[in-house]
Each structure stands twice: as structure tokens, then as C-alpha cells.
Amino acid sequence: IDMASESVGGKILFATDDFFAPAENLIKSDSPCYKEHEYTEFGKWMDGWETRRKRIPGHDWCVLRLGIQGVIRGFDVDVSYFMGDYAPRMSIQAANLEEDKLPEIPERGIRTGAAATPEEFEAIAELKSDDWSYLVPMTELKPGNPASGHNYFLANSQQRWTHIRLNIFPDGGIARLRVFGTGQKDWTATDPKEPEDLAAIAFGGVCVGFSNANFGHPNNIIGVGSAKSMVDGWETARRLDRPPILENDENGILLVPGCEWAVFRLAHPGVIRQIEIDTKYFKGNAPDSCKVDGCILTTQEEEDMIKQKWTLPAHRWKPLLPVTKLSPNQSHLFDSLTLEFQDVITHARLIIVPDGGVSRLRLRGFPSSICLLRPWEKPMMKFSVKVGLRANP
């Protein structure tokens, strides 16, 4: 997951200079583009962060708050289209800061053509970002071809991070910064009486398999906040095995042979109490019906299932929601069958029939004491199953 993207709430807090193009471009969710004949009053229009040619001591840098806070696995420093003016070197630092202890940092507003003010430098200095941990030391960047200048770096850290400092040496341009990783929630801070969305991408939920993602990846449907448009959901291609003439059963469910599916690893094993399936924006392409199942898998079993394209024996899946009719452009709330069965699960599978699009999936419930992940993947604290709930043997 790109933890820094503006689409998940990433935000630029500070940049030393934004003369040619503002640092906010770094975290755009779309790929960079190039407009050959477009100029601003400050120079060539560029889709990235580009500072002026530095004529004073020092180097340029910016600070951003991650939209999804958690464990960072790696970075993509993309200098696409910055052929003669890319930053020749960079480094990346990170910190884990408590939100309620952060200083008040001035809103940036429109920044093109501007440099940081003394007041902004004074405010950002309280973060002491010079002392943050280095995840990538000073490293040379390579431009690649005009449209593809990706520079990938692994991050060897298991800590939780909330903020990033990107340093460029001494100046120049970068098109995009992608911060890849997984969300990590502090489960000790949750209210044991309030159900949590155990599939949320912000907490560490992730799609680990799917049948089709022609128009949008299933990770989108466990994303942050409400969907902004159809592009912010999971949408499959139209299945080619649809009958020439469609028919319903007595319950109004389409009689078709095929389906599409996506499997999600929960952010924390738990008991699902409520299921929300939102088809907002999918007005002419929502699924006819859906079904949700759950199971318990160890890390090794998950790895085996990924290799086997999720051919998990049918008896391993426990029903959370039976086959249910869906409506276009509507949020649907359902009680989970675990209200009756009280089963703990680690993975959930959403099946849509025959195809179509979903904007959001929420699986609300309570974290359990079962944890089958590797030791370094375990959350900060194990919860006990609530009274009256039981785990599968």
C-alpha cells in the first residue's frame, strides 16, 4: 500500500522550497505526466516537486505525514520527466510521533514560486527532523527514460512510522514518492465495547488474492474513508460466460454460472459482527448479488493458498453472509452469521455474482486472542475473545 498517497490522507507539512512545482505533487495518487508546451510565471510546468537552483548553503527537504501509519517495506523515488533537472541524490528519514504532541505547523496554501518562511522553519524545527532515523542513506538517483524514472529502495525496519522526511541534495526535482508498507493499529487503544473494521487497510488489512481487477484493485474497497468515484473501488470485467438470455430464481437472484472474488487478510484475527457492502457510484455496473465467507489460516497456509490461486477446500470457509441481493449505488448493512456461530477468522472472501463493482467493504467486529502470524508480524497486544464468543478448534 502507498502509505503516503493523498488518496489515503497523506499530507505535506513542510518544504524548504516549492519554486517550480509544489511538494504536494509528490503524493498524488496518479502517475506523473508531461505537458510539453505548458509554462507558469515561474518556469516550466512540471508534475512533481521541483526546487529552484540553490544559491545558498544547505540542501532542500520536505516533511510529510503518512496517511496510513505503520510498517514501511520500501520506497519508490520516481523522477519521471525530470531529465535535466532531477535531484541527483536523496535520503529518507522517518519518525513515530504522537499526534497530540505535535506542534502547530502553518497551513501551506498555494506554494508555487515560494520558499519556506522563517515562521515555517521555526515551527518545523520543533519536530527535530534532523535527528530522525535513516531508512535510506544518501544515495544517487538514476533518471531512466523520460516516462519511467523509478528508483526502488527496501526498508529494513519493523517499527511503526508516522512521518517521513525526504532530503534532496542539493536541489532539483522528484515526480512522485511512494512509501510502500502496511498499516499498523495500536490495538491497546481500542474500546473493547466498540466494534472495529478488522479489514481496514489503515489498520493492516490487505487483499491477498483476487480473480479479476480489470478496472480497479480490491485493496481499494478496504481503503480510507468513503469512495470518491468508481475509480476508487474494485471493478471487474464483464464475464464472458454470461448466458445470452438471463433468468432469475424465485428470490430474484440471477442464474449465472460464474462469479468474481477477492480474499482479504484481516488486520487482526477476530469475530465479525456486521458487514457493510457499498456499491456507491456503481449505478449500471453493480453486482447482482454477493456472499461473504471467512476462515482461519496460518501464515504458511496463506502462502500456500497464494501459490495455488486460492483453491482452499470448501469446508474451510465459514459463511459470514449468505447469497444476498445487492442494489446499485447503495450502502448495504448486514448482521454477520457469526452472531450465531461466533467464529473467529483471520481471512475473509467476498464473492460477487456475476461481476461488477463495489466501492467499500467493511467487516466490523472484535479482535480475538488468536494470532497465527510469524512472531515479527504480531500486533502490539493480544486481545481476549469477548465473553460468549468461541474460536474454531
For this session: Hand me the trypsin sites (Lys or Arg not before Pro) from the range 1-81 located in a DSSP loop with no more than 12 other Cβ atoms within 10 Å, in residue order please.
Result: LYS35, ARG53, ARG55
Problem set entry | 21 Å Cα-Cα reach of LYS128 towards lysines, excluding residues that sit fewer than 8 places from it in its own chain | LYS11, LYS101
Problem set entry | Counted charge near ILE1, where neighbours are those whose Cβ lies closer than 12 Å (Asp, Glu -1; Lys, Arg +1) | +1
Seminar exercise, completed: Karplus ³J(HN,Hα) for the range 276-287 (6.51 cos²θ - 1.76 cosθ + 1.60, θ = phi - 60°; Hz, whole; x = Gly/Pro) runs 10, 10, 10, 10, 3, 6, 8, 8, x, 9, 6, x
For this session: Whole Å is fine, so just give me how far the alpha carbon centre of the range 69-88 lies from that of the range 167-237.
Result: 20
Seminar exercise, completed: Once amide hydrogens are built 1.01 Å from N within the peptide plane, the residues lying 5 or more places from GLY70 or on another chain with amide H under 5 Å from its amide H are TRP161, GLN184
Exercise. Using a simple charge model, +1 on the beta-carbon of Lys and Arg, -1 on the beta-carbon of Asp and Glu, nothing else, what dipole does the chain show about its Cα centre, in debye to the nearest 20?
Worked result: 800
For this session: Give, in nm to one decimal, the length gained when the segment between SER148 and GLU41 is fully stretched (0.36 nm per residue of separation minus the Cα-Cα distance).
Result: 35.8 nm
For this session: Roll a 1.4 Å probe over the protein chains and send me the accessible area per residue for the chain in Å².
Result: 48
Problem set entry | Computed FRET value (nearest 0.05) for ARG73 with ASN248, which takes r as the C-beta separation and R₀ as 41 Å | 0.35
Exercise. What is the distance, in nm, between label points placed 7 Å from the Cα along the Cα-to-Cβ direction at MET83 and at TYR34?
Worked result: 0.5
Exercise. Going through the range 298-367, which trypsin sites (Lys or Arg not before Pro) have at most 16 other Cβ atoms within 10 Å and a DSSP loop state?
Worked result: LYS309
Problem set entry | Debye intensity ratio I(q)/I(0), log10, the chain, q values 0.12 Å⁻¹ (C-alpha model) | -0.99
Problem set entry | Share of carbon and sulfur in the accessible heavy-atom surface of the chain [1.4 Å probe, %] | 53
Seminar exercise, completed: Of all C-alpha pairs within the range 262-372, those more than 21 angstrom apart amount in percent to 37
For this session: Calculate one ³J(HN,Hα) per residue across the range 137-154 by plugging θ = phi - 60° into the Karplus curve 6.51 cos²θ - 1.76 cosθ + 1.60, and present them in order as whole Hz with x for glycine and proline.
Result: x, 4, 9, 6, 9, 10, x, x, 8, x, 9, 8, x, 6, 10, 9, 9, 7
Exercise. Where does the longest stretch of the chain lie that holds no GluC sites (Glu not before Pro) found in a DSSP loop with 10 or fewer other Cβ atoms within 10 Å?
Worked result: 251-393
For this session: Can you pull the one-decimal nm distance between simple spin-label points at ASN329 and ILE306, each 7 Å off the Cα toward Cβ?
Result: 3.9
Seminar exercise, completed: A correct Karplus calculation of ³J(HN,Hα) over the range 345-353, with 6.51 cos²θ - 1.76 cosθ + 1.60, θ = phi - 60°, whole Hz and x for Gly and Pro, returns 9, 10, 9, 10, 10, 9, 10, 10, 10
For this session: Of the options MET46, SER5, GLN69, report the single residue whose Cα projects farthest towards the positive end of the charge dipole of the range 1-89 (beta-carbon charges: Lys, Arg +1; Asp, Glu -1).
Result: GLN69
Exercise. Among LYS185/LYS307; LYS283/LYS307; LYS28/LYS307; LYS28/LYS325; LYS54/LYS142; LYS35/LYS228, which pairs are too far apart, with a Cα-Cα distance over 31 Å?
Worked result: LYS283/LYS307; LYS28/LYS307; LYS28/LYS325
Problem set entry | Positive minus negative residues near HIS59 (Lys, Arg vs Asp, Glu; Cβ under 13 Å) | +2
Problem set entry | Mean residue ellipticity (222 nm) of the chain, computed from DSSP H runs ≥ 4 via -39,500 (n - 2.57), nearest 500 | -1500 deg cm²/dmol
Exercise. In whole angstrom, how far apart do the alpha carbon centroids of the range 36-67 and the range 93-149 sit?
Worked result: 13
Exercise. Percent relative contact order of the range 196-367, based on C-alpha pairs within less than 8 angstrom and at least six residues apart?
Worked result: 37
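The values are calculated or read from the model by the stated rules, or taken from the named source; none is laboratory data. Just so it is clear, the model here is predicted, and its values are computed rather than measured. Cβ atoms come from the backbone with ideal geometry, glycine included; neighbour counts cover every protein chain shown. The accessibility values were calculated without ligands, DNA or RNA, using every heavy atom of the protein model including side chains. Shrake-Rupley method; radii C 1.70, N 1.55, O 1.52, S 1.80 Å.
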